[in-house]
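Report on the structure given below.
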Amino acid sequence: MDINPIGVAVPFFLLLIGIEWLVLRKQKKDVRINDAITDMSCGLGDQTISLLAKSTVLIPYVALQTHYGAARWAMDSVWTWVIGFIVTDFCFYWYHRFSHRVNLGWATHAVHHQSEEYNLSVALRQPWFSVFYNWIFYLPLAFLGLPVEVYATSLAFNLLYQFWIHTETIRRLGAFEWVFNSPSHHRVHHGTNPDYIDKNYAGVLIIWDRLFGTFQDEHEQVLYGTLKPLRSWNPIWANVGPWVYLSKLSASQASFVDGLKVWFMPPEWTPDGPIDPKTLFAGDDRGYNVDKASKLHGYILLNLILTGTILGVLLTFEKSIGVQHQIVGAVFVVLSLSVWAGLFEGRKWAWPLEVVRLIYGVCAASTLFLI
């Protein structure tokens, strides 16, 4: 039976997030539940979309590797897996760099940087739409003939590695940081400090940043978030909002050419010259902390664990579970994360939608074996 390592890791993610929260409380540091739930809601949505789209986006890779692969790799060779992991990490670096330096990419990737906190739950704050284009950056591996199993497994473990580096509870790690990405290196990457912007794109190996001039050591307190802060707990708006902003920015340009260039230029580009990030640093829009569900934190967390467990099962056994079951589970996940955002923001539609979600969940569970 094929097992998805991401699915297996879900309960461990939740356990480690819980342990980190206890450590932070002992250190008398606050963890905003509304922010953490939004982070994890983005992650649930990302994995739900990936669950439904993954097989489709692998088709081009398989086709190219089968018909145009330059070499045949022995699946039982350790070197196949070692080299496969390294070249996959190399491709991730360039995909990640693109995601920051081209507006089309940033409109998707900005979701991961919207939190003004930095803890393990932020690691799960993943964009929903990257699955539809990030595979392009790994197609060179198909031309090398790297088996799709090696590529897919290497990418999964690359993403798993990046979970633990989203924390402030681990400080510096000495010589380890000369070669590998670390919490310190990745804190820099999430910073809006002028010296930190667009630095440390690494997945696992920090050597790529050192080689290509994008490395920055941590030397001052990090201010997290984005230069244009998101003032919402809604994971749907978190993913759609940057695209709405970019569309409006494009439409507002004086010429058609400039409107078109907006999509392909760096985020700081304007027709009159680049915006200095120092003018946006520490802006007044930071610090959004609306929480109109303070008495419902336990209820929401319990439902988060339940929903995460459902998604974890779907991911772990994705190749053994029918598409119908996957779709039923995906709808439940989307309903859940929409309700949580509405409760935190005090939306009038939140409780009616919660009733719909609960009825749907009961009906789905009761008909599970009839589908």
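The values are calculated or read from the model by the stated rules, or taken from the named source; none is laboratory data. Please read all numbers here as calculations on a predicted model, not as lab measurements. With ideal geometry, Cβ positions are generated from the backbone for all residues, glycine too; neighbour counts draw on all protein chains shown. What goes into the accessible areas is simple: the full protein's heavy atoms, side chains included, and nothing from ligands, DNA or RNA. Shrake-Rupley method; radii C 1.70, N 1.55, O 1.52, S 1.80 Å.
Carbon-plus-sulfur accessible fraction, the chain (probe radius 1.4 Å, protein heavy atoms only): 68%. For the pair Thr279 and Lys54, label points projected 7 Å from Cα toward Cβ lie 4.5 nm apart. May I ask you to derive the FRET efficiency for Asp258 and Ile83 from their Cβ-Cβ distance with R0 = 56 Å, giving the value to the nearest 0.05? So, using R0 = 56 Å, E works out to roughly 0.80. Charged side chains reduced to their Cβ positions (Lys and Arg at +1, Asp and Glu at -1) give the chain a dipole of some 580 debye around its Cα centre. Ordered by solvent-accessible area of protein heavy atoms (1.4 Å probe), largest first, the residues Met40, Met75 come out as Met75, Met40. Between the stretch 194-253 and the stretch 18-64, the C-alpha centres lie 17 angstrom from each other. Sorting 233-239, 8-14 by average packing, meaning the other beta carbons within 10 Å per residue, from highest down gives 233-239, 8-14. With Cα atoms defining each centre, the stretch 152-173 and the stretch 290-356 are spaced 25 Å apart in the structure.
Protein heavy-atom accessible surface, 1.4 Å probe, per residue over the stretch 180-254: 39 Å². Residues in the stretch 131-178 average 47 Å² of solvent-accessible surface per residue, probe 1.4 Å, ligands and nucleic acids excluded. Over the residues of the chain, the helix contribution to mean residue ellipticity at 222 nm works out to -18500 deg cm²/dmol, using -39500 (n - 2.57) for each DSSP H run of at least 4. Annotation note: trypsin sites (Lys or Arg not before Pro) in the stretch 185-224 located in DSSP loop regions with a Cβ neighbour count of at most 10 within 10 Å are absent.
Among the listed pairs Lys26/Lys292; Lys29/Lys348; Lys54/Lys261; Lys199/Lys228, a Cα-Cα separation exceeding 27 Å is found for Lys29/Lys348; Lys54/Lys261.
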